[in-house]
Amino acid sequence: MAQSLDIYIDTTNGNLVAAGSARDGTLKTFTRNDSYNIRVRLQERDSNGFLRDLDTTGSSLKLGIGGIDADPIDGQFKLILNAVTSTAISFNATTAQLYNAISAIAGTGVLVTTYGSEQYAYLITSATANSAMSFGASAFTLFPTTSVIVNTRRFPAPSVNAQQIIKLVRNPAVYADTFVASPTAGVVSLTNIQDGSATQNETYSLAVGPDAEGGSVILNFGANSTTAIPIGSNAASFAEALSSVTGIGSGNISVDLGNNAGNYSISFVRALGSTAITTPLTLDASGVIFGKFLQSVVTFATAELDELFAEQGTNTVTPTLEIELVQAGSPKTVLQTDVTIRRDLISTGSAVPAAQASYLTASESYAAFVANSTTGVNSLARGLADSSAVTSVAFGSRTLNNSSGTAVVSYGAGLSFANTPMGFYGATVTAKPSGVNIVSGLTNLGLLSYTQPTAVNVVSGLINTGLIASGVSYGVLPQSPYTVTTLASVTFGTVAGNDQHYRDVVVTGAAVNDIVLVGLPSAISAGAVIQGVAYKANTVCLSCVNADSVSRDVNTATYRITVIGY
């Protein structure tokens, strides 16, 4: 949780007010890596010299610590125009050096001069009127951490030459610009901390925080209310105001001031004591005047802050804290003061920044490579040799060689092995397979000997392709172990009305309790019902049922009998 720090500023004179966290006129010591809820109260003096809260409506606030408006001390930056980036420009480049870098990406149609009295600030002016300029920038290797600020000073127009300002500004060690109004909800609150009963009094706690600096509160007992009670009143004043409320009465309320100023304990006593009070006590804080703060949570854990410690080599640094107020678009520095920042007692890492990127000269780069060697890299012959000085990889001729130096793989015009086209199991690949499916494609590659099955069901097809064994019956339903089928010629003869005839049919593989399906012939006597049952091994009994009152002739016909293993 962030520590809270209140800063009161006299904006008339631009100094700290001896209040809040600077009661002696100086700010507390900060600690690196700690987090602070910084609240700023801006005040100005009236005609009588008294401090009054400044109206900050529509205003914004910025806070910076250390390195404010300082300059880089090393490194380079780059400029960008229309997605083209310049060469690296030294942090302390002359106007001529900057002009040369700009000319390489923008042509010679610009003028470069210094800008004002500030160091590392340049003015770029278009050499022709009404010509737009839109430079961007990259901080590249500037050190310490620095921003390259590009501002347009003058827009192009007829008879007007466009201008842009380029300025190198070291980043603050700590920076914040997201200040918002400090919330007032909960600063004054009323809480029921104990319900009344036969053994205890109904009790409330009234808390008045330090941000409540004036005005008054009203306490409501149901529909009846106290008069306005000024903030800061003593306990007796609260008790007197509550005793006057209809429904409470004199002497039936007790108010005690707690150990902390602004904390009141309100209890119903005597006639209202040891009783469950059904009428609630509520708070009206609309008349309270609150202190006006702008706040932001600021974490002192930045690379820029570590750079300060590394540069000074001490356990404490004393940079400048600056607070800037922007009103109606106009910035104004309202405070500049020195602050002390110490190292954190338990460090999670080095305070010294990581080493900056280093660069090799051209000669150092060339020396890092082996120009020629009988083993290892042979840059002249464009090859890699093994420990026996035999070229294993000839990337000049695009071959991979065996231990004798003979090419076994060529990847020049196309991949081949031993200088012959690549093949599988004796099949030569000279062109993309012409098959339109994976089976025919694999057949063309010589990986599969295959004839498309003529069977009309999947089981026969899989048997024909050799994917499952033949001579075995396979079930067609989930978990059925087999399916057998046969064609049988059956004659039921004349079946009397309301009677039935039975015929046994041999079905090899059938077993008791199996499922029997009967496929009927194309013509069968109307009204006859044919069904089957496996009632013993290898045998299915077919029954013909005549449910009508007249007899029917069920002549000889061929039936398809299918048995599914159960």
### Query
Applying the selection to the range 192-206, what residues are under 50 Å from the mean Cα position of the chain (by Cα), open to solvent by 30 Å² or more (accessible area, probe 1.4 Å) and under 15 Å from VAL255 (Cα atoms)?
ASN192, ILE193, GLN194, SER205
### Query
Can we say ALA83 is without any contact (Cβ under 8 Å) to a residue 12 or more places away in the chain and open to solvent by 50 Å² or more (accessible area, probe 1.4 Å)?
yes
### Task
List the number of the failed condition for GLN97; all other conditions in (1) assigned to a helix (DSSP H, G or I); (2) touching a strand residue (DSSP E or B) at 6+ places or on another chain (Cβ under 6 Å) hold.
(2)
#### Entry: Selection count, the range 24-51, where residues are more than 38 Å from the chain's Cα centre (by Cα) and farther than 21 Å from GLY14 by Cα
0
### Summary
Per the filter on the range 18-77, residues buried (at least 17 other Cβ atoms within 10 Å of the Cβ), farther than 26 Å from GLN327 by Cα and not polar (S, T, N, Q) are PHE30, ARG32, ASP71, PRO72, GLY75, PHE77
### Query
Among the residues of the range 398-419, is there at least one that is at pLDDT 85 or above, assigned to a loop (DSSP other than H, G, I, E, B), under 47 Å from the mean Cα position of the chain (by Cα) and surrounded by 12 or more Cβ atoms within 10 Å (Cβ to Cβ)?
yes
## Note on the structure
With criteria (1) touching a Leu at 6+ places or on another chain (Cβ under 6 Å); (2) in a loop (DSSP other than H, G, I, E, B); (3) closer than 30 Å to PHE135 by Cβ, SER21 comes up short on (3)
### Message
Which residue is surrounded by the fewest Cβ atoms within 10 Å (Cβ to Cβ), if the candidates are limited to the range 87-122 and must be under 40 Å from the mean Cα position of the chain (by Cα) and under 18 Å from PHE143 (Cα atoms)?
### Response
THR87
### Task
Among the residues of the range 479-502, write down those that are open to solvent by less than 30 Å² (accessible area, probe 1.4 Å) and of a type in the set (A, V, I, L, M).
VAL484, ALA488, VAL490, VAL495
### Query
Does any residue of the range 514-521 turn out to be under 12 Å from TYR566 (Cα atoms) and among the small types (Gly, Ala, Ser)?
no
### Query
Checking VAL505 against (1) modelled with pLDDT under 90; (2) open to solvent by less than 70 Å² (accessible area, probe 1.4 Å), which single condition isn't satisfied?
(1)
### Message
So, ARG45, is that one among the basic types (Lys, Arg), over 25 Å from ARG170 (Cα atoms) and without any contact (Cβ under 8 Å) to a residue 12 or more places away in the chain or not?
### Response
no
### Message
Suppose we filter ALA228, ALA241, ALA271, ALA236 for residues that are more than 48 Å from the chain's Cα centre (by Cα), hydrophobic (A, V, I, L, M, F, W, C) and surrounded by 18 or more Cβ atoms within 10 Å (Cβ to Cβ); which single one remains?
### Response
ALA241
### Query
Just one of the numbered conditions (1) farther than 14 Å from LEU487 by Cβ; (2) in contact (Cβ under 8 Å) with a residue 60 or more places away in the chain is not true of ALA547; which one?
(2)
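Per-residue answers, yes or no, for (1) touching a strand residue (DSSP E or B) at 6+ places or on another chain (Cβ under 7 Å); (2) crowded, with 19+ Cβ neighbours inside 10 Å:
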{"residue": "VAL208", "(1), (2)": "yes, yes"}
{"residue": "GLY214", "(1), (2)": "yes, no"}
{"residue": "ALA261", "(1), (2)": "no, no"}
{"residue": "ILE266", "(1), (2)": "yes, yes"}
## Note on the structure
For the range 59-90 the number of residues that are outside any strand (DSSP E or B), modelled with pLDDT under 95 and touching a Phe, Trp or Tyr at 6+ places or on another chain (Cβ under 7 Å) is 4
### Message
Checking ALA285 against (1) buried (at least 17 other Cβ atoms within 10 Å of the Cβ); (2) at pLDDT below 95, only one condition comes out false. Which one?
### Response
(2)
#### Entry: strands (runs of 3 or more DSSP E) (entirely within the range 135-191) containing at least 3 residues that are open to solvent by less than 50 Å² (accessible area, probe 1.4 Å)
136-138, 146-154, 163-170
### Query
Can you name every residue in the range 290-346 that is of a type in the set (A, V, I, L, M), closer than 20 Å to ASP53 by Cα and either at pLDDT 95 or above or open to solvent by less than 40 Å² (accessible area, probe 1.4 Å) (or both)?
LEU294, ILE323, LEU325, VAL326, VAL334, LEU335
### Message
Would you confirm whether or not the range 527-541 contains a residue that is within 18 Å of THR494 (Cα to Cα), out of contact with any Pro (no Cβ under 9 Å at 6 or more places or on another chain), surrounded by 15 or more Cβ atoms within 10 Å (Cβ to Cβ) and not hydrophobic (A, V, I, L, M, F, W, C)?
### Response
no
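The values are calculated or read from the model by the stated rules, or taken from the named source; none is laboratory data. Remember, predicted model here, so these are calculated numbers, not experimental data. We place every Cβ from the backbone using ideal geometry, glycine too, and count neighbours over all the protein chains shown. Just the protein is used for accessible areas: all its heavy atoms, side chains included, with ligands, DNA and RNA removed. Shrake-Rupley method; radii C 1.70, N 1.55, O 1.52, S 1.80 Å.
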